[in-house]
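The block underneath contains the structure these notes are about, expressed in structure tokens.
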Amino acid sequence: MAKINDLNLKEWKQYDDILTDSLWLLGGRDKSGVHNNTYHGNFIPQIPNQLMRRFTKKGDVVLDLFLGHGTSLIEARRLGRHGIGVELNPEVAKIARGNVTQETARGGVSSTVIVADSTNPYATTKVAKVLNKINKKQVHLIILHPPYHNIIKFSDDKKDLSNIESVDCFAEKFGDVIENFIDLLASGRYLAVVIGDKYTNSEWVPLGFNLMQETLKRAPDLILKSILVKNMTGNRAKLNQENLWRYRALVGGFYIFKHEYLLVFKKK
């Protein structure tokens, strides 16, 4: 079986910082180097770091289809992986480019930020052109951290998934992203989705499981390898309001979100 990472499993005990359990209890976000938390949609850098170290080798290509401010590409440069990021919002993409270029690229790897709509097949063409430029045919890890539907409105663009009118339409558009890019993922390699759930009209809406089902429906070549549960820390919306939210939970008969999912798939 082809090796998909740089780990020396003869010395497996030395990798005690690499997570192998399905419950991820992570501390505060890594703010080293150019990492920052100025963008509300950022996920913590430890997530792409863990994924890349487990599922890629130096010189492999990592593709992030909801790039935001560039967290995944920053980690890719640190770890010696080529990075390609797709971002819908041109202003956000510009900031991402600035962030990414400040990070030292190890191993002579490239980092490319593409302004495009991942739900549109034309975005696939743009990514394929970048792969051709770096003499690669496929990508080796796909990371998707979409908006959690309409919890946070990221722009006024109708193509923005945070503006999609219903959960069903949101899942369908996310499925378009999977369908557009699954052929670019090399066989035996991994795709990861970072997603949380939400409440609507006092009802728990399982966005995570909706997207899990949509992913498997749109990409029959994928198998589900893991459902990881990660703790949420430093949630801005609840910052310094723990007592208020606890009161609301007791009154409303609900539980406060303290987790999100990391869904890991492997291409057959």
Using a 1.4 angstrom probe and counting only protein chains, how large is the accessible area of Ile152 in Å², to 10? 50 Å²
Please give the helix 207-218 orientation as an angle from the longest Cα principal axis of the chain, in degrees from 0 to 90, rounded to the nearest 10. 40 degrees
For the range 150-257, run through the trypsin sites (Lys or Arg not before Pro) and keep only the ones in DSSP coil with at most 11 other Cβ atoms within 10 Å of their Cβ. Lys153, Lys158
Inter-probe distance in nm under a simple model that places probes 7 Å from Cα toward Cβ, at Lys159 and Lys126: 0.7 nm
For Thr20 and Arg246 in one chain, what is 0.36 nm times their gap in residues minus the Cα-Cα distance, to one decimal in nm? 78.2 nm
Please give the solvent-accessible surface of Val109 in Å², to the nearest 10, using a probe radius of 1.4 Å with every protein chain present. 20 Å²
Compute the long axis of helix 167-181 from its Cα atoms, compare it with the longest principal axis of the Cα atoms of the chain, and write down the angle in degrees, 0 to 90, nearest 10. 0 degrees
About the Cα centre of the range 1-119, how large is the charge dipole given +1 on each Lys and Arg Cβ and -1 on each Asp and Glu Cβ? Please answer in debye to the nearest 20. 380 debye
In degrees, nearest 10, the alpha-carbon axis of helix 46-55 is tilted away from the dominant principal axis of the alpha carbons of the chain by 40 degrees
Sorted by accessible area (1.4 Å probe), largest first, how do Thr125, Thr71, Thr112 line up? Thr125, Thr112, Thr71
Sorting Met212, Met232, Met52 on solvent-accessible surface, 1.4 Å probe, most exposed first, gives Met232, Met212, Met52
Can you tell me which aspartates and glutamates have their Cα less than 13 Å from the Cα of Lys198? Leave out same-chain residues fewer than eight positions away. Glu260
Which trypsin sites (Lys or Arg not before Pro) does the range 24-124 hold that lie in a coil by DSSP with at most 12 other beta carbons within 10 Å? Lys31
The range 121-176 - Kirkwood radius from inverse mean 1/r over Cα pairs (Å): 13.2 Å
In square angstrom, rounded to the nearest 10, how much accessible surface does Ile256 have for a 1.4 Å probe? 50 Å²
The chain: projected area of the alpha-carbon convex hull, averaged over directions, in nm²: 14.6 nm²
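The values are calculated or read from the model by the stated rules, or taken from the named source; none is laboratory data. Here the structure is a predicted model, which means the values were calculated and not measured. Neighbour counts run over all protein chains shown; Cβ positions are idealised from the backbone, glycine included. Just the protein is used for accessible areas: all its heavy atoms, side chains included, with ligands, DNA and RNA removed. Shrake-Rupley method; radii C 1.70, N 1.55, O 1.52, S 1.80 Å.
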